[in-house]
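Take a look at the structure below.
The values are calculated or read from the model by the stated rules, or taken from the named source; none is laboratory data. Bear in mind the structure is a predicted one, so any value in this text is a computation, not a measurement. Neighbour counts run over all protein chains shown; Cβ positions are idealised from the backbone, glycine included. Side chains included, ligands, DNA and RNA excluded: accessible areas come from the protein's heavy atoms. Shrake-Rupley method; radii C 1.70, N 1.55, O 1.52, S 1.80 Å.
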Amino acid sequence: MSETKPSESPALSPVRIGYSTALICGASFFSYLDRAGLSILVEPIKADLALSDAQIGLLTGIAFSLTYALFGIPLARLTDTGNRTRLLAICLAIWSVATALAGTAANFLQLVLTRVFVGIGEAGGFPASNSLIGDLYAPEQRTRGMSWMQVSIAAGSWLGLIAVGLVAEAYSWRGAFIAMGIPGVLLALLIGFTMREPQRGRFTTADTVAAPPENWWLAIAAVLARRTVVHLLIGFAIVSFCGSGASAWLGAFFMRSHGLDVAGVGVLLGTAGGIGALVGAALGVAIGPTLSRRDRRWELWLPTIGFACLVPIYLFMFLVPSVQAATVALFLAVLIFNLTGGFVLSSLQSVLPPVIRGMGVAMLMLAVNLVGAGAGPLLVGMLSDYLAPTFGSDSLRYAMAAGISVMGWGVVHFWFSSRHYRDELIS
């Protein structure tokens, strides 16, 4: 790695960094509240609209992720060339309005269309958020900034489920969607009118400060030129395929295999999952800078170790007959996922120049959402339908176990990614 001086990095006040981080984390909270909220509303939606498990798989997976895939690259281009704060505000408003409108859907097609617009909004919001965090925090502190985002994701993904479950119980699944959408519109206005754009590439070495590639294809080629990123994309796509196939069906799993109702599932996932998520994300905030100062490769070593541990934990959760034991396994699985998330995102920022960071995040999320969130829930749903004549209500249990079994393949790619990481650091 060449010895070059960092580009000028004008100091930002701790207040500005904290305020900007809080707004970005708020957007992440509502993004993941929407995704997770849908997972515990699966059963009442299925009953109300008379849907099959395969249709639910399409709704929770490909309807969102295919749209995300189509819009992710062009919106990432705007992230790398335009005003990221304004883009985040607009995208947050789009997906929040679409979430609220889901509560008015009268049939499967209308509900799918709302998920399409949620996918459009989130395709631009997540790359913008990551790029902004990358310019707010110095490289050795970046895992902390990304882990704060993970805290908000954890809160949205798990703690918010308590409220969603209770609202759904009192006002139906339609009321829950409306309650999830309206606050996001208000936050979008706050971001658009009060958050200032940080200087792009504040901590990048001088030889990597350059104009953005001239078009999408050159930007994509520049991202894929880094072997660290190629293996990271493959590995995270596989891990996400397994994780999304599991998480999208968790609510239905605990209802069918353990006899819980929608409010009970909301409380279980919101407490066991929520505590595990917050503990994992908080550990990332606490230990990330220490591990990065010791060896930057921990940004990839930690996810490699964590994902390897997830396979037996998930299998135990799906197959154990005790709901208490399954809850403990859920706590551990969610803790590990949220501990590793900030490290994965930080590693991507560390090997990509600022003018293609948005594109890199978009490609990562493309892999995650198309292969992971798209195919994972759909294939689990189809396998559950296939196994239902033999296993009845437990067909979902065995379909989820089958899906999680291929996660080890992704772990291998994370290890390969760490082998190239040190040679490709740029900040």
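Six or more apart or on different chains, Cβ under 7 Å: which pairs go from a residue in the range 321-349 that's over 21 Å from residue 268 (Cβ atoms) to one that's open to solvent by less than 30 Å² (accessible area, probe 1.4 Å) and of a type in the set (Ser, Thr, Tyr)? Could you list them?
Once the first residue is over 21 Å from residue 268 (Cβ atoms) and sits in the range 321-349, its partners that are open to solvent by less than 30 Å² (accessible area, probe 1.4 Å) and of a type in the set (Ser, Thr, Tyr) give 342/143; 342/147; 343/143; 346/143; 347/421.
For the range 29-103, give me every one of the helices (runs of 4 or more DSSP H) that falls completely inside it and has 1 or more residues that are at pLDDT below 85 and under 23 Å from residue 124 (Cβ atoms).
Those helices (runs of 4 or more DSSP H) span 63-81.
Please specify each residue of the range 381-404 satisfying the condition of being under 22 Å from residue 65 (Cα atoms), open to solvent by 10 Å² or more (accessible area, probe 1.4 Å), in contact (Cβ under 8 Å) with a residue 24 or more places away in the chain and of a type outside the set (Asp, Glu).
382, 403
Residue 146 passes all but one of (1) over 24 Å from residue 65 (Cα atoms); (2) under 15 Å from the mean Cα position of the chain (by Cα); (3) open to solvent by less than 20 Å² (accessible area, probe 1.4 Å); which number fails?
So residue 146 meets the others, but not (1).
Looking at the range 248-271, I want the residues that are closer than 18 Å to residue 35 by Cα and assigned to a loop (DSSP other than H, G, I, E, B) and have a partner that is open to solvent by less than 20 Å² (accessible area, probe 1.4 Å) and of a type in the set (Ser, Thr, Tyr) with Cβ atoms under 6 Å, at least 6 apart or on another chain. Which pairs are those?
248/39
Keeping to the range 315-348, report how many residues are within 29 Å of residue 289 (Cβ to Cβ), more than 16 Å from the chain's Cα centre (by Cα) and open to solvent by less than 10 Å² (accessible area, probe 1.4 Å).
1
Kindly check whether there is at least one residue in the range 389-397 that is hydroxyl-bearing (Ser, Thr, Tyr) and at pLDDT 90 or above.
No; the residues of the range 389-397 include none that is hydroxyl-bearing (Ser, Thr, Tyr) and at pLDDT 90 or above.
From the list 186, 218, which residue is within 23 Å of residue 78 (Cβ to Cβ), open to solvent by 60 Å² or more (accessible area, probe 1.4 Å) and part of a helix (DSSP H, G or I)?
So the residue among 186, 218 that is within 23 Å of residue 78 (Cβ to Cβ), open to solvent by 60 Å² or more (accessible area, probe 1.4 Å) and part of a helix (DSSP H, G or I) is 218.
Matching residues to (1) among the charged types (D, E, K, R); (2) out of contact with any Ser or Thr (no Cβ under 8 Å at 6 or more places or on another chain):
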| position | (1), (2) |
| --- | --- |
| 139 | no, no |
| 143 | no, no |
| 154 | no, yes |
| 164 | no, yes |
| 169 | yes, yes |
| 172 | no, yes |
| 177 | no, no |
| 197 | yes, no |
| 202 | yes, no |
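Just one of 277, 286, 325, 333 is closer than 25 Å to residue 232 by Cα, among the small types (Gly, Ala, Ser) and out of contact with any helix residue (DSSP H, G or I) (no Cβ under 6 Å at 6 or more places or on another chain); which is it?
Result: 286 is the single residue among 277, 286, 325, 333 that is closer than 25 Å to residue 232 by Cα, among the small types (Gly, Ala, Ser) and out of contact with any helix residue (DSSP H, G or I) (no Cβ under 6 Å at 6 or more places or on another chain).
So which of 197, 140 ends up being at pLDDT 80 or above, closer than 30 Å to residue 13 by Cα, touching a Lys or Arg at 6+ places or on another chain (Cβ under 9 Å) and open to solvent by 50 Å² or more (accessible area, probe 1.4 Å)?
Every option except 197 fails the conditions.
So which residues in the range 397-421 are under 22 Å from residue 259 (Cβ atoms) and in contact with a Leu (Cβ under 8 Å, 6 or more places away or on another chain)?
397, 398, 399, 401
Check off (1) open to solvent by less than 20 Å² (accessible area, probe 1.4 Å); (2) of a type outside the set (Gly, Ala, Ser); (3) at pLDDT below 85; (4) over 18 Å from the mean Cα position of the chain (by Cα) for residue 130 and give me the number that stays unchecked.
Just one mismatch for residue 130, condition (4).
Within the range 32-83, can you find the residues that are of a type in the set (Val, Ile, Thr) and either open to solvent by 30 Å² or more (accessible area, probe 1.4 Å) or on the phi > 0 side of the Ramachandran plot (or both)?
62, 81
All but one of (1) open to solvent by less than 20 Å² (accessible area, probe 1.4 Å); (2) over 30 Å from residue 382 (Cβ atoms) hold for residue 298; which doesn't?
Checking residue 298 against (1) open to solvent by less than 20 Å² (accessible area, probe 1.4 Å); (2) over 30 Å from residue 382 (Cβ atoms), the one that fails is (1).
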